[in-house]
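The values are calculated or read from the model by the stated rules, or taken from the named source; none is laboratory data. Being a predicted model, the structure only gives us computed values, none of them experimental. All Cβ positions, even for glycine, are placed from backbone atoms using ideal geometry, and neighbour counts span all protein chains on display. These accessible areas exclude ligands, DNA and RNA; they are computed on the full protein's heavy atoms, side chains included. Shrake-Rupley method; radii C 1.70, N 1.55, O 1.52, S 1.80 Å.
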Amino acid sequence: MVTLGANLTIVIRTHTFEEDFARVGRWIEEYLGEPGRYPVLPSVVPGEIASALPDRAPEEGEPFERIMEDFERIIVPGITHWNHPRFFAYFATSAAPAAIAAEALAAALDVKVMLWRTSPSAAELESVVMRWLGRLMGVPESWTGIIYDTASVAGFTALAAARESLGLAIREDGMSGREVPALRVYATAQTHSHIEKAAIALGIGRRNVVAVPCDDAYRMDPAALERAIATDRRAGMQPLAIVATVGTTSTTSIDPVSQIAEIAQRERIWLHVDAAYAGVAAMLPEFSFLMDGVDRADSLVVNPHKWLFIPMDLSVLFLRDESTVRRAFSLVPEYLTTTDGNVRNYMDYGIQLGRRFRALKLWFVLRHLGAAQIRERLRDHIALAQRFAQWVDEDPQWETMAPHPLSLVCFRYHPRGVDDEERLERLNAALLDAVNATGEMFISHTKLGARYVLRLAIGNFRTTRSDVEAAWAILQREAERVTR
Ligand code: PLP
């Protein structure tokens, strides 16, 4: 309670806040203590959760306890449990408890990290933890990092900076109503779809995202890249950027960044490296090669919210020269001008004005786990994936479908005598559905060329060898059932 004057008092603490927060704390502790007690995928039908909720917001406030009861009764049964140790779909993730606590503090402070003065600590902590992360991963010392919500937005921002650096005055004059050459972005069929979305949003157009051919390990072919650039230049097109991926979404293949960087430098084309998932693995000395060639790139994205135990959302864009992004985005209306001098105002680095205080959770996790424990967890995940791949390879009814250098395995069920691709697809799609319907585990799929493959990704720090063994047993059991 704060007394402001003779008869002016503001109650800034509801009398129940402490109890409410303790109630939430207990719930989280119990939940994270045993996230495997829930089915990993909920067995709800579309519309079921919405129909359990009222049509309108209440006119009068309700007791916190009643809202918590509904959270447990209505919301939790419709949750897909990313914290479940047998969540193996997409890229598996998990939130370290220290990060969850930090998120509560960030929500309490509720600062908007836009100008340095709108929260000096938040602005300066961001630059410090970016340096910490960069050093752990082996990012060049002179580069700086900026936090975005997602890799999609970071990638969009990098391409916007690349577009600005072409000197075509697109920022001021736009791309319509005048002659602008077709701008070309070079990627591969394995590149994450956010690059095409960025091309849509930036007026580049999906058709100008060139799918450079890959080798048989799903890595960009540098010679084909060179040919594509030469062909485009002859046709009067303007190369804008090359996107190389370190750890592609479908298979975690690793594009040859050093060779690609050589071409990018020679051709003076912006090189963006997407290491959204795999980048953190460069913290392991035996995977430091993941950063090979990055020193000659222009930008690099890595997602601590994927494999660094940080809850959504926190993606980092490392930049060789951050002024390129500032030139693309800085626009300061009168009401946001300051006299703070030589400071970094984060609103200058993207489309967003107010930004969440995301650096806090990264700071908490890097300190609370420590680099050694983080490395140990990453190593563990990679070893578990390698073990799973070995079981698959040793069984004549199953096969791995792509190299698996990190913590993801692409595989499929391939019983003797079934060699028709369409039948194999139907069989494996049925297997995916059957496995996921058990509620005991969750996997996802992809297509490699025309082949339908299953993906098992390990990235949750609660996943142990017994979870992976259980997954293998469930897959075998369900495979037998769907073939019967
Ligand atoms: N890049 C890669 C390689 C990814 O695997 C993903 C998502 O899985 C993304 C980018 C997009 O990440 P975000 O959800 O942070 O936009």
Residue satisfying condition, being open to solvent by less than 30 Å² (accessible area, probe 1.4 Å), part of a helix (DSSP H, G or I) and not β-branched (V, I, T), within set A479, A402, A430
A479
Among the residues of segment 313-347, count how many are open to solvent by less than 40 Å² (accessible area, probe 1.4 Å), under 17 Å from E164 (Cα atoms) and not hydrophobic (A, V, I, L, M, F, W, C).
4
Please give the number of the condition I200 fails out of (1) of a type in the set (A, V, I, L, M, F, W, C); (2) over 17 Å from the mean Cα position of the chain (by Cα); (3) within 16 Å of the ligand (Cβ to nearest atom); (4) crowded, with 20+ Cβ neighbours inside 10 Å.
(4)
A389 - would you say it is of a type outside the set (K, R), without any contact (Cβ under 8 Å) to a residue 40 or more places away in the chain and open to solvent by less than 30 Å² (accessible area, probe 1.4 Å)?
yes
Residue check for D295: open to solvent by 20 Å² or more (accessible area, probe 1.4 Å) and touching a Pro at 6+ places or on another chain (Cβ under 6 Å)
yes
I need the full set of residues from segment 140-155 which are within 16 Å of the ligand (Cβ to nearest atom) and surrounded by fewer than 17 Cβ atoms within 10 Å (Cβ to Cβ), in order please.
none
On the given criteria, is V40 closer than 30 Å to A96 by Cβ and among the β-branched types (V, I, T)?
yes
Verdict on Y90 being more than 25 Å from G236 (Cα to Cα), within 16 Å of the ligand (Cβ to nearest atom), among the aromatic types (F, W, Y) and open to solvent by 50 Å² or more (accessible area, probe 1.4 Å)
yes
Looking at I260, I254, I310, I229, can you tell me which residue is within 16 Å of the ligand (Cβ to nearest atom) and without any contact (Cβ under 8 Å) to a residue 60 or more places away in the chain?
I260
Would you mind telling me which numbered condition in (1) touching a strand residue (DSSP E or B) at 6+ places or on another chain (Cβ under 8 Å); (2) at negative phi G247 fails?
(2)
Quick one: count up the residues across segment 326-348 that are outside any loop (DSSP other than H, G, I, E, B) and among the aliphatic types (A, V, I, L, M).
3
Within segment 292-304, does at least one residue satisfy the condition of being more than 14 Å from the ligand (Cβ to nearest atom), more than 11 Å from the chain's Cα centre (by Cα) and on the phi > 0 side of the Ramachandran plot?
yes
Being buried (at least 22 other Cβ atoms within 10 Å of the Cβ) and out of contact with any Pro (no Cβ under 7 Å at 6 or more places or on another chain) is the filter here; which residues of segment 436-460 pass it?
M441, F442, I443, V453, L454, R455, L456, A457, I458, G459
If you go through segment 99-139, how many residues are under 30 Å from F289 (Cβ atoms) and open to solvent by less than 20 Å² (accessible area, probe 1.4 Å)?
8
Specify which of the listed residues (M237, M220) is open to solvent by 20 Å² or more (accessible area, probe 1.4 Å) and among the aliphatic types (A, V, I, L, M).
M237
Scanning segment 254-275 residue by residue, those within 22 Å of M401 (Cα to Cα) and open to solvent by less than 10 Å² (accessible area, probe 1.4 Å) turn out to be D255, A275
